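Structure, as structure tokens:
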Ligand code: NDP
């Protein structure tokens, strides 16, 4: 049902975690994939694996908080493959702290990465998508958008992305551009291993305790999210826009 042959995708934060799984899946479904990450090494490894499997991929370094880097990567994608059909904004960080300990750097870093990074990528991508009258954007929110202790910065950014998604769906719908978001619950990646480390808990113990609270009784894997992103990036979801789909093993993980 999902076929992305001849589509061109750009995935920010594509070197690791959910972004990596998304790059591999989109490529497996036929898309040429630009793997963008602030750390070029992992991005190159993902692109090489896609190439080795017979797919098409290009690795580029890009800090999504830097406007010139984002615009340059979008430009390189179009130069290389002639078009840009799919944007998946996966780049993300956490800087958790209770409000009385949260620094300006914690706040600004998270907002700049998630909110400004997604905005900058969307603004650069929409120019091409509107011109070609075709596009799919998928942003990555989180169950933390509903509130999560120690994550006022991250929750604000992830809730903001849901409003951003709905607004772009209204603005870009007339140009045949679909805009949606996924909101993952706890997914096993380097980011969540780092959370367990920070609170001094072995991953297995942390994951087991969290899984007991999740209706499907397991933590998610990056592919659980990538498959939903691929659906939203495809014509199978051509009448879905402005939605946030929770991918959390339950109503909110
Ligand atoms: P990972 O840390 O595994 O992957 C995130 C990738 O984004 C890393 O390669 C990271 O690089 C990169 N990145 C960070 N900042 C930037 C930047 N400014 N510019 C470009 N790339 C950047 O995390 P996940 O795969 O878990 O997270 C992916 C997305 O999913 C994030 O938006 C996250 O908030 C969201 N999410 C994750 C959940 C989870 O449970 N894992 C739950 C809900 C949402 P580096 O390693 O150098 O930081």
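Each value in this text was obtained by applying a stated rule to the coordinates, not by laboratory testing. As the structure is a computational prediction, the values presented were derived from the model and not from experiment. Positions of Cβ are generated from backbone atoms using ideal geometry, with glycine treated the same way; all protein chains shown enter the neighbour counts.
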Report relative contact order for the chain in percent, whole number only (criteria: Cα-Cα under 8 Å, sequence separation at least 6). 19 percent
For 203, 107, which order do you get if you count the other beta carbons within 10 Å of each Cβ and list the fewest first? 203, 107
Could you work out the helix-only [θ] at 222 nm for the chain, with each DSSP H run of four or more residues adding -39,500 (n - 2.57) and the total divided by the number of residues, to the nearest 500 deg cm²/dmol? -14000 deg cm²/dmol
Would you please state which residues of segment 96-113 a label at residue 252 would reach in this model, taking the label point 7 Å out along Cα→Cβ and a backbone N cut-off of under 12 Å? none
Quick check: the distance between the Cα centres of segment 72-107 and segment 158-193, to the nearest angstrom? 12 Å
Note the angle between two axes, namely the Cα long axis of helix 17-28 and the longest principal axis of the Cα atoms of the chain, as a number of degrees from 0 to 90, rounded to the nearest 10. 30 degrees
Rank these for me by crowding, 23, 90, going from fewest to most other beta carbons within 10 Å. 90, 23
Output the peptides 161-167, 124-130, 6-12, 183-189 sorted from most to least packed, where packing is the average of other Cβ atoms within 10 Å over each peptide's residues. 6-12, 183-189, 124-130, 161-167
Simple spin-label model, 7 Å along Cα-to-Cβ: residue 213 to residue 127 in nm? 4.4 nm
Taking Cα atoms, the helix 117-132 axis meets the longest principal axis of the chain at an angle in degrees (rounded to 10) of 20 degrees
With everything on Cα atoms, drop me the angle between helix 67-81 and the longest principal axis of the chain, reported from 0 to 90° to the nearest 10. 40 degrees
In segment 190-232, whose amide N lies under 11 Å from the spot 7 Å out along Cα-to-Cβ of residue 2? List them in ranges. 223-232
Residue 176 paired with residue 201, simple spin-label distance in nm, labels 7 Å along Cα-to-beta-carbon: 4.8 nm
Cα convex hull of segment 120-253 - mean projected area over all directions, nm²: 8.4 nm²
